[in-house]
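Please read the structure below before turning to the comments.
The values are calculated or read from the model by the stated rules, or taken from the named source; none is laboratory data. Here the structure is a predicted model, which means the values were calculated and not measured. Cβ sites come from the backbone with ideal geometry, for glycine too, and all protein chains shown count toward neighbours. To get the accessible areas, we keep the full protein, side chains included, count just its heavy atoms, and leave off ligands, DNA and RNA. Shrake-Rupley method; radii C 1.70, N 1.55, O 1.52, S 1.80 Å.
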Amino acid sequence: MPFTPTPARPAPISQMGVIGWLRKNLFSNIPNTLLSLVALYVVWQVLSSVISWAFINADWVGSSRADCTSDGACWVFVSVRLNQFIYGFYPAEARWRPNLAFALLVGFLIWLAVPRIPYKKLGGILALTAFPVAAYFLLYGGAFGLPVVPTSRWGGLLLTIVLAVIGIVLAMPIGIALALGRRSNMPAVRLVCTIFIEFWRGVPLITILFMASVMLPLFFAEGVSIDRLIRALIGITLFQSAYMAEVVRGGLQALGKGQYEAADALGLSYWQKMNLIILPQALKIMIPGIVNTTISLWKDTSLVVIIGLLEVLGQVRQALADPNWLGFPAEGYIFAALTFWVFCFSMSRFSQYLERRLDTGHKN
Amino acid sequence: MTTNEKTEYNGPAIEIKGMNKWYGDFHVLKDINLEVARGERIVICGPSGSGKSTLIRCINRLEEHQEGDIIVDGMPLINDLKKINAIRKEVGMVFQHFNLFPHLTVLENCSLAPIWVKKMPKKEAEAIGMKFLERVKIPEQAHKYPGQLSGGQQQRVAIARSLCMSPRIMLFDEPTSALDPEMISEVLDVMVELAQEGMTMLCVTHEMGFAKKVADRVIFMDGGEIVEQNEPNEFFNNPQEERTRLFLSQILGH
Ligand SMILES: Nc1ncnc2c1ncn2[C@@H]1O[C@H](COP(=O)(O)OP(=O)(O)OP(=O)(O)O)[C@@H](O)[C@H]1O
Ligand SMILES: [Mg+2]
């Protein structure tokens, strides 16, 4: 008689699904059950009070602190100041300019990141040439009938984005150059790059910003004043490029020497080898590292407060010091934290998406 | 020397005279003298660490030698990037671990060097790529990535990639030793075909069947020296040196 296996019976309900999982992980024996119950009670207590403070008992609409009557969160504080948190003291009638610049930035990112959209090369070239020019005139003005908005009026989220995006975009090529220099065969180049990287990496950003504001002017003739924003950007770029260089170096080292040898053996020149073979692969390996330093730079931009620039967190703190609005630090800091979190979390997800998309099935 | 003279050059494909190489204090290659005629097929064998890889890697300057002369296709190998790249254009190399570019498709792997080194139009380079992928019998894999191929297929792509530069000399460094046994023959078949077409080949391998079939000369290295060289029949049946006999008994014994 031929052997016919009886079909496997489905697992009993109590062993699968949510109930099965709960039973297996939380209630497998008496001590575990007790611990689970205590933990659930604590979580419930914390969550319910947070929810009732932040949502149920909160005040959402109004225009002054008198509108905050309940004992929950006073979100009026945030909604009244929202424009300041986003734009700083950027003139209200010109706010469409940063909005448009930001829309362009997002547009270019989508163009470059979504595989289905064609003309990637054109998009890349425009993003690196036309976009910076457009963004400059939109934000700063001074041409095409756009009145100048001095950088001293920029602030809030706008300033955070400007500092972080420019810092990262400039630090990328400098970091790559430094990393290649550090691995160069020429001892002088190697030495210079190593010293540069180790110097900037060894100094906290806050001191660099301070030096940029105090010491940079000493290098220039009297009367020549450099914009505070530019000073901050110089400091941030140097700092970030040192970190980027180390990320790039890690990526280069992770690549086997077989790739270098294969490129050499085919007769590719040094720059061809780097641009066509090594960097595309190294950059893929480096995505998590790049995103990591980008996220920390994003948060570090709040340090520019030391030279008197107020990004999101700076604006929040300034608003908190307003005598009319004393007593809402939790609302202010939660708003700032959420703003940072939304951007940093999106970057983190984006990097995971990129890694998956660039995977060609080869573990090198 | 102009390109014209080079293509007309008909002296030996490779001349190595009194070549020595050290890694620090370690003397890896000791007074190597070797002349390879055009169209000659040479198999190099020897125990692990005897310097076989180092020797063939000196020929296209993946390793630098310290003493003696290496002349490839009439061009002396000196410390000059232009000269080195001119030599590398004429010398193809196949590695033990394939070293394909994992971020490029199979066809892109093949057309890359013709496009960038030979400045060939993309269409033409791709046509050449397809031609050689057909020669190694995997044209249908052209648009896959190397990571999606088997080891044997990858090694055949690596051979095609080298051939796309129309090299006059091919170097092979243990091309089958990283492969599963059932894939060795598909790679060896391609190499045999290449040998029969008259390619000058230097092959580090322990595939003695291949040596017997196509080699004009077998070279045995040990301790950084060329210990013995002979045409395959004599080499296998009548080795002169004790060290050769010991080595042969080890690799043929099982
Ligand atoms: N970069 C290096 N630095 C120092 N020593 C090296 C280096 N590369 C190789 N060697 C040494 O030189 C010797 C010859 O190495 P080589 O790779 O040429 O041997 P091989 O004959 O190809 O051996 P195998 O059969 O294991 O591939 C070995 O002893 C090796 O340890
Ligand atoms: Mg070897």
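State, in square angstrom and to the nearest 100, the accessible area buried between chains B and A, both chains counted, probe radius 1.4 Å. Let's see the in-between values first.
Numbers: alone 11970 and 21630 Å², together 31660 Å².
Looking at B and A, the buried total is near 1900 Å².
Could you please report the charge total around B:M19, scoring K, R as +1 and D, E as -1 over all other residues with beta-carbon less than 13 angstrom from its beta-carbon?
Every neighbour counted, the sum reads -3.
So for chain B, what are the equivalent ellipsoid semi-axes in whole Å, largest first, each being the square root of 5 times an eigenvalue of the Cα gyration tensor?
29, 23, 16
Which helices, counted as full DSSP H runs in chain A, have an axial Cα extent of no less than 15 Å and a Kyte-Doolittle average of -1.0 or above? Display every interim value, and only then the final one.
Working: long enough: A:30-51 (31 Å, 1.68); A:76-87 (18 Å, 1.07); A:96-113 (25 Å, 1.49); A:156-182 (37 Å, 2.31); A:187-202 (22 Å, 0.94); A:228-254 (39 Å, 0.78); A:279-300 (29 Å, 0.56); A:329-358 (43 Å, 0.38).
In chain A, the long hydrophobic H runs are A:30-51, A:76-87, A:96-113, A:156-182, A:187-202, A:228-254, A:279-300, A:329-358.
When chain A is treated as a GNM, springs tying every alpha-carbon pair under 10 Å, which of A:L163, A:L109, A:L283 comes out with the largest mean-square fluctuation?
Sorting by GNM fluctuation, first place goes to A:L109.
Once both labels are modelled 7 Å past Cα along the beta-carbon direction, what's the A:F210-A:R9 spacing in nm?
7.4 nm
Between the stretch B:41-60 and the stretch B:206-254, how many Å separate their Cα centres?
13 Å
Using modelled backbone amide H atoms (1.01 Å from N, in-plane), which distant-in-sequence or interchain residues come within less than 5 Å of B:R41's amide H?
B:M201, B:D216, B:R217
With just the Cα atoms of chain A, tell me how far they stretch along each of the three principal axes, in Å, largest first.
Cα spread of chain A along its principal axes, largest to smallest: 88, 75, 41 Å.
Name the residues of the stretch B:60-81 whose accessible area falls by at least 30 Å² when all protein chains are present instead of the chain alone, probe 1.4 Å?
Residues passing the criterion (a loss of at least 30 Å², heavy atoms only) are B:L62.
Looking only at A:W154, A:W44, A:W298, which one moves most when chain A is put into a Gaussian network model with springs between Cα atoms under 10 Å?
Looking only at A:W154, A:W44, A:W298, the largest GNM fluctuation is found for A:W44.
Quick one: which residues, 5+ away or cross-chain, put their amide H under 5 Å from the amide H of A:Y90? H built at 1.01 Å from N.
For A:Y90, the qualifying residues are A:G155.
Using r as the Cβ-Cβ distance of A:V38 and A:V203, and R0 as 45 Å, what FRET efficiency do you calculate, to the nearest 0.05?
Details: r = 47 Å, r/R0 = 1.05.
After rounding to 0.05, the efficiency reads 0.45.
Looking at the protein assembly as shown from every direction and averaging, what is the projected area of its Cα convex hull in nm²? Working shown, then result.
Details: hull surface 183.5 nm².
Computing the convex hull of the Cα atoms and averaging its projections yields 45.9 nm².
Take every residue in peptide A:268-281, count the Cβ atoms of other chains within 10 Å of its Cβ, and give the average of those counts. Kindly include the intermediate steps, with their values, before the conclusion.
Details: counts 6, 5, 1, 0, 5, 1, 0, 1, 8, 4, 1, 0, 3, 4.
For peptide A:268-281, the averaged partner shielding equals 3.
Per residue, how large is the accessible surface of chain A? Use a 1.4 angstrom probe and give square angstrom. Let's see the in-between values first.
Values: 20620 Å² over 364 residues.
Accessible surface, normalised per residue, equals 57 Å².
Given a 1.4 Å probe, how much area per residue of the stretch B:88-156 is accessible, in Å²?
Details: 2920 Å² over 69 residues.
In whole numbers, the stretch B:88-156 has 42 Å² accessible per residue.
Round to a whole number: what % of the accessible area of chain A belongs to carbon and sulfur, probe 1.4 Å? Don't skip to the answer; put the middle values down first.
Details: 14480 of 20620 Å².
Carbon plus sulfur share of accessible area: 70 percent.
Express the relative contact order of chain B as a whole percentage, based on alpha carbon pairs under 8 Å and six or more residues apart in sequence.
On the way: 448 pairs, mean separation 62.7, N = 254.
Value for chain B: 25 percent.
With a 1.4 Å probe on protein heavy atoms only, tell me which residues of the stretch B:90-123 lose at least 20 Å² of accessible surface in the complex relative to the chain by itself.
Residues losing area: B:F95, B:N99, B:F101, B:P102, B:H103, B:L112, B:A113, B:W116, B:V117.
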